[in-house]
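Chemist: I have a structure here, written as structure tokens, and I will follow up with some questions on it.
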Amino acid sequence: MEEPKLMNWAVFRSILAILQWWGFNVTVIIINKWIFQKLDFKFPLTVSCIHFICSSIGAYIAIKLLKIKPLIEVDAEDRWRRIFPMSFVFCINIVLGNVSLRYIPVSFMQTIKSFTPATTVVLQWLVWRKYFDWRIWTSLVPIVGGILLTSMTELSFNVFGFCAALFGCLATSTKTILAESLLHGYKFDSINTVYYMAPFATMILAVPAILLEGTGVVSWFYTHDSIYSAMIIIFSSGVLAFCLNFSIFYVIHSTTAVTFNVAGNLKVAVAVLVSWLIFKNPISMMNAVGCAITLTGCTFYGYVRHKLSQQLPGTPRTPRTPRNRMEMAPLVNDKLEV
């Protein structure tokens, strides 16, 4: 009797973790789009900076005051030599995501973000000469094909927003690869990663945000009608962004790798549906088909990656199998979505 109860609790906890993650993720995406479109606060650098400030404070409270996770000590030299470069790329990634949300619909932006596995594999192959099994390359075909179909049939296509989202995929891939190499030896969790990276990202972004958007923000303050309610929404998005990272940490420890991958792809579908219901952006039939193909490809990619990661070091290998056991970073669903 005890074992079925434990299994039921594990299943319930997994479902609760996934729903919590979906809720925070979709809410952050929708509220950011609302800020740009409905509040007319068209300052992605400032929004990103507010997110990093809220994340810095949230991580400090979680580790220092609430002691949810123990602080991982990092030498001062390693902070600048390892964490600062990754924070810079991390910063670019978040800014490009917010920039793309300003110019293109959530549905299109989320579909393009699914291109991240392809950019990561190609980067590792070109720059690091890393070997990938032929099944990995095959799984990328529907992802690339779906993205192309979606882009060609997108009714609200914007070149600047599309490029921002695409380069955001490259930034995400670069950040993932850097995390694998720069943080070697440090077993970081999401909270500790945000604790060290968010202050650096705030410092990096504060000056360009003030120089490029400061005048516009001041002007918005004087011209916007409901300034207090608008500021509550903007800072709430920062708090929710930090909660999102905590929910990702929870879902990773409550589910398997395959479940996390599939749930991530379903999350994209939920975000697309919710954004369409709220913002009513037009979606053609072929555009929906392209999105479905992309998500199917991402699911297949996650399945292939999981099967290859289960291969034991002593397993006999075919000529097509890599000489060294592959160590692939989490490519489909990035763990940091501040």
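The values are calculated or read from the model by the stated rules, or taken from the named source; none is laboratory data. Everything numeric in this text was worked out from a predicted model, so none of it was measured. In this analysis, Cβ positions are derived from the backbone assuming ideal geometry, glycine residues included, and neighbour counts consider all displayed protein chains.
Chemist: Identify all residues within the range 18-52 that are among the polar types (S, T, N, Q), closer than 21 Å to Asn281 by Cα and crowded, with 18+ Cβ neighbours inside 10 Å; write none if there are none. Steps first, please.
Modeler: Quick first cut of the range 18-52, residues among the polar types (S, T, N, Q) only: 20, 25, 27, 32, 37, 46, 48.
With the extra rule that they be closer than 21 Å to Asn281 by Cα, the set shrinks to 25, 27, 32, 37.
Across the range 18-52, the qualifying residues are Asn25, Thr27, Asn32.
Chemist: With the structure loaded, tell me whether Val207 is touching a residue at least 24 places away in the same chain (Cβ under 8 Å) and over 16 Å from the mean Cα position of the chain (by Cα) or whether it fails that test.
Modeler: Working: touching a residue at least 24 places away in the same chain (Cβ under 8 Å): no; over 16 Å from the mean Cα position of the chain (by Cα): yes.
In short, no.
Chemist: Same structure, new question: Conditions first: (1) assigned to a helix (DSSP H, G or I); (2) more than 19 Å from the chain's Cα centre (by Cα); (3) among the small types (Gly, Ala, Ser). Ser156 passes all but one, so which condition is the exception?
Modeler: Unmet condition: (1).
Chemist: Residue check, Lys67 against (1) surrounded by 13 or more Cβ atoms within 10 Å (Cβ to Cβ); (2) in a loop (DSSP other than H, G, I, E, B), all met but one. Which one?
Modeler: Unmet condition: (1).
Chemist: Follow-up question, since we're still on this one. Listed residues Ser107, Ser114, Ser100; which is in contact with a Gly (Cβ under 7 Å, 6 or more places away or on another chain), closer than 28 Å to Val144 by Cα and not β-branched (Val, Ile, Thr)?
Modeler: Details: Ser107 fails: in contact with a Gly (Cβ under 7 Å, 6 or more places away or on another chain); Ser114 fails: in contact with a Gly (Cβ under 7 Å, 6 or more places away or on another chain).
Going through Ser107, Ser114, Ser100 in turn, the sole match is Ser100.
Chemist: I'd like to check which helices (runs of 4 or more DSSP H) are fully inside the range 186-300 and have at least 1 residues that are modelled with pLDDT of 85 or more, of a type outside the set (Val, Ile, Thr) and in contact with a helix residue (DSSP H, G or I) (Cβ under 9 Å, 6 or more places away or on another chain). Can you show your working first?
Modeler: Values: elements: 190-223, 227-254, 257-279.
It comes to 190-223, 227-254.
Chemist: Now, a different point. Write out, first by first residue and then by second, each pair whose Cβ atoms fall under 8 Å of each other, whose residues are 6+ apart or on separate chains, and whose first residue, in the range 131-142, is over 18 Å from Ser114 (Cα atoms) while the second is surrounded by fewer than 14 Cβ atoms within 10 Å (Cβ to Cβ) and not charged (D, E, K, R).
Modeler: Tyr131/Pro322; Tyr131/Asn324; Phe132/Pro322; Asp133/Pro322
Chemist: Taking into account only those residues within the range 17-76 that are of a type in the set (Lys, Arg) and in contact (Cβ under 8 Å) with a residue 60 or more places away in the chain, which is farthest from Asn93 (Cα to Cα)? Steps first, answer last, please.
Modeler: Taking the range 17-76 and keeping what is of a type in the set (Lys, Arg), we get 33, 38, 42, 64, 67, 69.
Cutting the leftovers down to in contact (Cβ under 8 Å) with a residue 60 or more places away in the chain gives us 33, 42, 69.
Values: Lys33: 17, Lys42: 18, Lys69: 26 Å.
Checking each candidate, the answer is Lys69.
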